[in-house]
Amino acid sequence: MSRQSWVVSLYNWMVKSDEKKDEDKPSVARNFIRLITAQFLTNTGDAIVNPKVTLPWLLQSVGAPTFLVAWLVPIRESGSLLPQLFIASAMRRLTIRKWVWVVGSVIQALSLLLMALVASSLEGYIAGISIILLLACFSLARGLNSVATKDILGKTIPKSERGQVTGLSASAAGLVTIGIGFMMALSYAYDWQTSSYFIWGLIAGAVLWLLSALIFSRVDEPKGEADDTDFSVMRSLSQLSLLISDKEFRHFVVTRACFLGTALAAPYYVLLAEERVGDSIWVLAMFMVISGLAGLVSGPFWGRFSDVSSRKVLILASSLGALTSIALFAIAQWLPEALASFWLLPGLYFLLTVFHQGIRVGRKTYLVDMAEGNKRTSFVAVGNTAIGMMLLVFSLIGLLSEVVTLDMLIFIYALITIVGVLMAMRLPEVSKRS
């Protein structure tokens, strides 16, 4: 069997679609496999460089001040979202945009290598600040990948298959997260929590990003439309006017912002488990494995469902995610002793993660399908910039943890998600099939 026919056979086995003609399949199949592979490698790297798990341990291993840990998640998440407005404005001048993704991956790899150098040669406050600054550089480079990914996905993959790219990538990421969870358990059992353990992890992550850059550089991207106007900060900021002028896009962004409720609730499930079940690293490792298992089993389902109707995926997944958190709150109020059960909180966390995965796959597919060309690029950038700002705002709700219980905080996030459900019901259909 020739290489080309092998790729097409694998593609036909993985993908459910009848949109492309037979003569177009080899090109689409190659792109599909390359995109899946590149995203799998970067998802593996993301699991290694986790701001909630591995990076706090890294800071601890180099003797960095504890207060620096609080900066990890905001820098990692918002740092990649906020500058996308300017990234997209510059990228719109390119007819071939895969190199933006490649450059972003190379910068992330270099950031990780420099982190490894810092961890091996510096200690204390200087080491901690250096790692934080390199994480900021890493996060900004992620913004390049985020804008370019959705644009290239829309240019190279038919509408009825885009959700499956995202879903299969999420499933592969789940498999990796399971492995990381088991590694965490082994690191606890064999006392591997030393700086050298993390240094080699950072180097491995850098290698994965370089490999993904190499694979992505071979994507067959057709030339797209280019904007000939000069780049300027004010012109970039002017794209925010889309939130005013485009009613449907504004509605989607506000809906997506409400869906942050499921993402922001998840860490409090873990904190509640640490309170009620135990604070051993085994408990955290168990939640990592559960998170990975949820992504592994649900990613392909949500991907194929999103290609049918990403709007319905958003409605269903967000509704079930909110109900899961409300159920936890009800149990905490009327059967609090049940939360000490070894299976209850992990089981609810599994369900929440499955439904959050549906929201992630659904909203990515919806955004790619709702526009074409440079308009899609602008939608991605403006939407992500707005979500970056909303993420910082919604994170402030966590300050209520000083005056309310963790289950009440989870309930508040569930109410925000319900608002998103009601708004999602008013979204128009953008999928090919409904």
**Q.** Which numbered condition I418 fails, given (1) at pLDDT 85 or above; (2) part of a loop (DSSP other than H, G, I, E, B)
**A.** (2)
Q | Which listed residue, of A119, A88, A38, A70, is part of a helix (DSSP H, G or I), in contact with a Ser or Thr (Cβ under 6 Å, 6 or more places away or on another chain) and at pLDDT below 80 | A | A88
Q | Which numbered condition A273 misses (of (1) within 21 Å of S171 (Cα to Cα); (2) buried (at least 19 other Cβ atoms within 10 Å of the Cβ)) | A | (1)
(Q) When you check A338 against the structure, is it free of Cβ contacts under 8 Å to residues at least 12 places away in the same chain and over 21 Å from M288 (Cβ atoms), yes or no? (A) yes
(Q) Quick test for you: out of L144, L117, pick the one residue that is aliphatic (A, V, I, L, M) and crowded, with 20+ Cβ neighbours inside 10 Å. (A) L144
**Q.** Criterion (buried (at least 24 other Cβ atoms within 10 Å of the Cβ) and of a type outside the set (D, E)) met by exactly one of S310, S319
**A.** S310
Q.
Looking only at the range 303-324, how many residues end up being of a type in the set (A, V, I, L, M) and either touching a Pro at 6+ places or on another chain (Cβ under 9 Å) or farther than 14 Å from F411 by Cα (or both)?
A. 6
Q: Select, from S401, S395, S378, the only residue that is of a type in the set (S, T, Y) and under 29 Å from G224 (Cβ atoms).
A: S378
Q) Just to be sure, is S341 more than 19 Å from the chain's Cα centre (by Cα), surrounded by fewer than 18 Cβ atoms within 10 Å (Cβ to Cβ) and polar (S, T, N, Q)? A) yes
(Q) I'd like to know if the range 369-391 contains one or more residues that are modelled with pLDDT under 90, basic (K, R) and open to solvent by less than 10 Å² (accessible area, probe 1.4 Å). (A) yes
Q.
Can you tell me which condition Q108 does not meet? The list is (1) surrounded by 23 or more Cβ atoms within 10 Å (Cβ to Cβ); (2) over 17 Å from E77 (Cβ atoms), and all the others hold.
A. (2)
Q) What are the residues in the range 247-262 that are open to solvent by 30 Å² or more (accessible area, probe 1.4 Å) and touching a helix residue (DSSP H, G or I) at 6+ places or on another chain (Cβ under 6 Å), if any? A) R250
Q | Residues being part of a helix (DSSP H, G or I) and modelled with pLDDT of 75 or more - total across the range 182-224 | A | 19
**Q.** Selection from the range 91-116 of residues that are in a helix (DSSP H, G or I) and more than 14 Å from F216 (Cβ to Cβ)
**A.** M91, L110, S111, L112, L113, L114, M115, A116
Q) Among T149, T177, which is the only one that is modelled with pLDDT of 75 or more, under 21 Å from the mean Cα position of the chain (by Cα) and within 30 Å of M370 (Cβ to Cβ)? A) T149
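The values are calculated or read from the model by the stated rules, or taken from the named source; none is laboratory data. Just so it is clear, the structure is predicted and the values come from calculations on it, not from any experiment. Cβ sites come from the backbone with ideal geometry, for glycine too, and all protein chains shown count toward neighbours. Remember, those area values only see protein heavy atoms, side chains included, never the ligands or the DNA or RNA. Shrake-Rupley method; radii C 1.70, N 1.55, O 1.52, S 1.80 Å.
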